[in-house]
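Colleague: I'd like to ask you about the structure that follows.
No value in this document is a laboratory result; all are computed from the given coordinates. Remember, predicted model here, so these are calculated numbers, not experimental data. For neighbour counting, all protein chains shown are included, and Cβ atoms are generated from backbone atoms with ideal geometry for every residue, glycine included.
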Amino acid sequence: MKEARSVRVRGVVQGVGFRPFVFRIARANGLGGWVVNEAGGVAIHVEGEETGVRGFLDDLTAHPPPAATITDVDVRAADSIGLGTFTIDATRRDTAPTARISADLPVCQDCLRELRDPGDPRYRYPYINCTACGPRYSVIERLPYDRANTTMSAWPMDSLCDAEYGDPANRRFHAQPVACPTCGPEYRFEVAGAANPIRGWPAIEQAVLALGRGALVAVKGIGGYHLACDARDAAAVAQLRLRKFRKEKPFAVMARDLAIARTIAELGVETEGLLLSAARPIVLASKKAELPDVAPDTEEFGLMLPYAPIHYLLFEAGAPDLLVMTSANRSSEPIAFRDGEARSQLLGIADAFLAGERPIARRVDDSVARVGPLGPMILRRSRGYAPGAAAVLPVKRPVLALGGDLKNTVTTVVDGQAFVSQHIGDLDDIGSREAFQQTIRDLMTMYDVDTEELLLAHDAHPGYSSTSYAAGLPAARKVAVQHHRAHIASVIAERGAWEDRVIGISLDGAGYGDDGSIWGGELFVGSLAAGFDRALHLRPALLVGGDAAARFPVQAAAGFLAQMETTAKLDEPPFSFPVRYRRAMQVARSGARSFVTTSAGRLFDTVAALLGFTREITFEGQAAMWLEQLACRGRAEPYPMPLVDGELDFRPLLEAVITDRLRDRAAAEIARAFHCGIAQTLRHAAEWLRETQGSATVVLSGGVFQNRLLLAETAALMTGGGFRVWTNSAVPPNDGGISLGQAAIAAFCEERRA
Ligand code: ZN
Ligand code: FE
């Protein structure tokens, strides 16, 4: 008696060698039938002996291909149709494409072995890949994922590649970007002005020679160009800072391998796990040795390991074993990814180019992650993660959420799956705005979204460019979402805890509040399903000069200190505030129009200024990071920050900072007492909310929670007080997570209407 089953598999199951895998296990279990890619995933029909069918179903979920992620397997009884053999059928295109697009993958062990084998046809070939590895999102121009729809369409396969591509038993079966040195693209080494570029392996050797001489070489990677130089060559690093106009912001370093990485940083098991994970992100890790000027004034390096074949080949050819690898751009511009653009953008910056011929369909920066007190935390979610699903939401309509204006990402929800885009950047930059629009077009066409059904979510800030952009987009309905509710909702969405009533604590830089003031120190109570009510907040201060207050900690300080009676002379030692402070204070005291703010970010800046960070910051979050590092070196009891009439009053806390500073207490202790003071007041606030409103789950999100010390202290105090503590893990707690939170809130606005 023959058994038959119809099986549907969903998840990341296309373009990852899933059909050949099904083919192999069907044959191994002696079954006939077929497998086909369909719009929602993979459909399978198997028939044969009962034991074979059972074996097949076990194998299906036991050892899927490494790059596949199965989210759902649906098995139904079927009628046997007398198939003796198993076949792989062509792709079905009858319904909307909701199959997931895989993120880009690092080169796999099998391909690495071939890359290093002189007898292999792809020996030292920088575009080697297979179904288990290689580019995906960065080469896909449209769906379905077939070679003709990728940036490889210009290179017809030769007989070797074609045979492997067509052989179900081969690991390159339907590997869309498959290529070899005979038929595929190459890398070229180009020096500005020189006529004939060098191609192939000699190009890589030339690049290595240039790096050895201290040159800055632009290297085309997976999602864009990097600028590379020898990380131990102080003169080269100094040149890079000068030419990139990047004064102090740390550069990422690519280490040849884990052993080399261990020589400069303290790596625990979890950090190494992140370094080796499929996304191959830049991972922040404590310094163990110094590399001059690479990451000044910080105790961490941003480290990564090779992920594209070209990186392995550079090291193989003898490149310095620690390379600065920073996005190729001038500061604040987006990373260059088109060849012509890279040439002009990097004129006067790069001494030479190691340019690959395969075009990049869209810019995808390196991701940034770290091991935090509550587990891995993603700080920039991009290559290797995007456009993967970050959450599931119970919404039938398609949703598009446009994110915030800083650290922008865009989220699309299709069939309840929330796909978060790559990191796009700050929308005040014209290149980022173009990338933003391109990403929206990409996601809308890839997932074939019907704008007549579309639910469009955007930030509530009337001045955001993402908000103006939303006004011009067609949609069935538009929802303006308050920034800090979106931060809290991003955590809830990740967890799928839609109904849970929580205390949501959002400590952040700036976001537009319900009352038109600038929020950033908010405590909410509620659930995603029922909505979040603002229950408590930081005592309002002034935001003198608007956004400029975020660049000058002393200017932020004026807005807070104007509310206090302090008689300390802050333009004298030990404070020595520059004249900008006095001017800002005059503005604040004059009653001239200033914004009102509850920003926790500006409170951290204020304390940084009081402890000595009185200059302009040169990258976002710099003063707060400085303060955190200072605090890590001290031990102290918390400063008081009482809860008065629904407000967390910062005045006693700042008084204590000023008094202790005048008493010459160590700055590290003061910084520590401040961090502990914030953590303790949050615990008291949460206890009060638990008593009055009855929730024992605390959600922590917003850019300020990138501060590990604050997160650790707060989480420890909350846990000790019997609270459950949740924070982000799939999307960043900073504004990179806003689009997911917006999508979640919009989805539930729709739920409540229905
Ligand atoms: Zn491979
Ligand atoms: Fe924010």
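Colleague: Could you give the distance between the Cα centres of segment 620-695 and segment 36-92, to the whole Å?
Modeller: Between the Cα centre of segment 620-695 and that of segment 36-92, the gap is 57 Å.
Colleague: Per the chain: cysteines with no other Cys C-beta under 4.7 angstrom?
Modeller: Cys111, Cys130, Cys161, Cys180, Cys183, Cys229, Cys632, Cys676, Cys749
Colleague: With r defined as the distance between the Cβ atoms of Gln586 and Ala192 and R0 fixed at 45 Å, what FRET efficiency is calculated, to the nearest 0.05?
Modeller: Details: r = 51 Å, r/R0 = 1.13.
The pair Gln586/Ala192 has a calculated efficiency of 0.30.
Colleague: Then there is this: Please work out the FRET efficiency for the pair Tyr123 and Arg27, using the Cβ-Cβ distance as r and a Förster radius of 25 Å; give the result to the nearest 0.05.
Modeller: Working: r = 31 Å, r/R0 = 1.24.
It comes out at approximately 0.20.
Colleague: Could you give each residue of segment 160-166 its phi-based ³J(HN,Hα) in whole Hz, using Karplus coefficients 6.51, -1.76, 1.60 with θ = phi - 60°, and x for Gly or Pro?
Modeller: Once θ is set to phi - 60°, the couplings for segment 160-166 become 4, 5, 4, 5, 5, 4, x Hz.
Colleague: Give me Rg/Rg_expected for the chain, where Rg uses Cα atoms only and Rg_expected = 2.2 N^0.38 Å with N residues. It would help to have the intermediate numbers written out before the result.
Modeller: Working: Rg = 27.3 Å, N = 754, 2.2 N^0.38 = 27.3 Å.
Normalised Rg, Cα atoms only: 1.00.
Colleague: When only C-alpha pairs under 8 Å and at least 6 residues apart count, what is the relative contact order of segment 1-69, in percent?
Modeller: Working: 108 pairs, mean separation 31.0, N = 69.
Once divided by the residue count of segment 1-69, the mean separation gives 45 percent.
Colleague: Give the angle, between 0 and 90 degrees and rounded to the nearest 10, that separates the Cα long axis of helix 18-28 from the longest principal axis of the Cα atoms of the chain.
Modeller: That works out to roughly 50 degrees.
Colleague: Take every DSSP beta bridge with both residues inside the chain and express the antiparallel ones as a percent of the total, to the nearest 5. Write out the running numbers ahead of the final one.
Modeller: Values: 85 of 115 bridges.
If we restrict to bridges inside the chain, about 75 percent are antiparallel.
Colleague: Starting from the Cα of Ala235, step 7 Å along the direction of its Cβ; do the same at Arg663; then give the gap between the two resulting points in nm.
Modeller: It is 5.2 nm.
Colleague: To continue, here is another question. Quick one: Cα centre-to-centre distance for segment 281-331 and segment 454-522, in angstrom?
Modeller: Segment 281-331 and segment 454-522 have Cα centres spaced 35 Å from each other.
Colleague: Shifting gears a bit: So what does log10 I(q)/I(0) come out to for segment 403-450 at q = 0.19, 0.25, 0.31 Å⁻¹, using the Debye formula with one equal point on every Cα and no solvent?
Modeller: -0.57, -0.88, -1.14
Colleague: Give the order of Thr412, Thr719 when sorted by the count of other beta carbons within 10 angstrom, beginning with the fewest. Don't skip to the answer; put the middle values down first.
Modeller: Numbers: Thr412 26, Thr719 14.
If I rank by nearby Cβ atoms, fewest first, I get Thr719, Thr412.
Colleague: What order, most packed first, do the peptides 694-701, 48-55 have when packing is the mean number of other Cβ atoms within 10 Å of each residue?
Modeller: 694-701, 48-55
Colleague: Same structure, new question: Could you give the length gained on full extension between Ala148 and Leu473, defined as 0.36 nm per residue of separation minus the Cα-Cα distance, in nm? It would help to have the intermediate numbers written out before the result.
Modeller: Working: separation 325, 0.36 × 325 = 117.00 nm, distance 2.98 nm.
Contour length minus Cα-Cα distance gives 114.0 nm.
Colleague: Another question, if that's okay. Counting only other residues whose beta carbon sits under 13 Å from that of Arg582, what net charge do I get with K and R as +1, D and E as -1?
Modeller: +2
Colleague: How do Arg441, Arg5 line up, fewest other C-beta atoms within 10 Å first?
Modeller: Details: Arg441 10, Arg5 20.
The order, fewest Cβ neighbours first, is Arg441, Arg5.
Colleague: While we're looking at this one, here's another question. Which ordering of Ser367, Ser490 is given by a fewest-first count of other beta-carbon atoms within 10 Å? All intermediate terms of the calculation are to be shown ahead of the outcome.
Modeller: On the way: Ser367 28, Ser490 34.
Final ranking by Cβ density, sparse to dense: Ser367, Ser490.
Colleague: Okay, moving on. Compute the distance in nm between two label points, each set 7 Å from the Cα along the Cα-to-Cβ direction, one at Glu565 and one at Glu248.
Modeller: 3.6 nm
Colleague: Right, something else. Going 7 Å from the Cα of Leu643 along its beta-carbon direction, which residues of segment 539-564 have the amide nitrogen within less than 20 Å of the resulting point?
Modeller: Under 20 Å, as judged by backbone N against the label point of Leu643, lie 539-541 of segment 539-564.
Colleague: Let me ask something additional. Can you tell me the order of 567-576, 232-241, 153-162 when each peptide is scored by its average per-residue count of other Cβ atoms within 10 angstrom, highest first? Walk me through the numbers on the way to the answer.
Modeller: Values: 567-576: 12.8, 232-241: 18.0, 153-162: 14.8.
Packing proxy ranking, top to bottom: 232-241, 153-162, 567-576.
Colleague: Mark the label point 7 Å from the Cα of Leu276 along Cα→Cβ and return the residues of segment 98-137 whose backbone N is within less than 14 Å of it.
Modeller: In segment 98-137, the label zone of Leu276 (backbone N under 14 Å from the point 7 Å along Cα→Cβ) covers 109.
Colleague: How big is the charge dipole of the chain about its Cα centre, in debye rounded to the nearest 20, if each Lys and Arg gets +1 on its Cβ and each Asp and Glu gets -1 on its Cβ?
Modeller: 860 debye
Colleague: Which value in deg cm²/dmol, rounded to the nearest 500, describes the helix-derived mean residue ellipticity at 222 nm for the chain, given -39,500 (n - 2.57) per DSSP H run of n ≥ 4 and division by the residue count?
Modeller: Details: 21 runs with 240 residues, N = 754.
Result for the chain, helices only: -9500 deg cm²/dmol.
Colleague: Still on this structure: Which part of segment 302-322 falls in the paramagnetic zone of Ala259, meaning amide N under 11 Å from the point 7 Å along Cα-to-beta-carbon?
Modeller: none
Colleague: In a shell of Cβ-Cβ distance under 14 Å around Val371, excluding Val371 itself, what net charge do Lys and Arg (+1) and Asp and Glu (-1) give? Could you put the intermediate results ahead of the total?
Modeller: Working: positive: Arg370, Arg708; negative: Glu266, Glu270, Glu272, Glu300.
That works out to -2.
Colleague: For labels at Val596 and Lys288 in the simple 7 Å Cα→Cβ model, what's the distance in nm?
Modeller: Spacing of the two 7 Å Cα→Cβ label points: 5.3 nm.
Colleague: Which net charge results for the neighbourhood of Glu357, defined as the other residues with beta-carbon distances under 15 angstrom from its beta-carbon, given Lys and Arg at +1 and Asp and Glu at -1?
Modeller: Details: positive: Arg188, Arg199, Lys220, Arg338, Arg343, Arg358; negative: Glu186, Glu190, Asp339.
Its environment carries a net charge of +3.
Colleague: If you don't mind, there's one more thing I want to ask. How high is the FRET efficiency between Arg724 and Glu434 when r is their beta carbon distance and R₀ equals 41 Å, given to the nearest 0.05? Mind showing how you got there, number by number?
Modeller: Working: r = 42 Å, r/R0 = 1.03.
Calculated transfer efficiency: 0.45.
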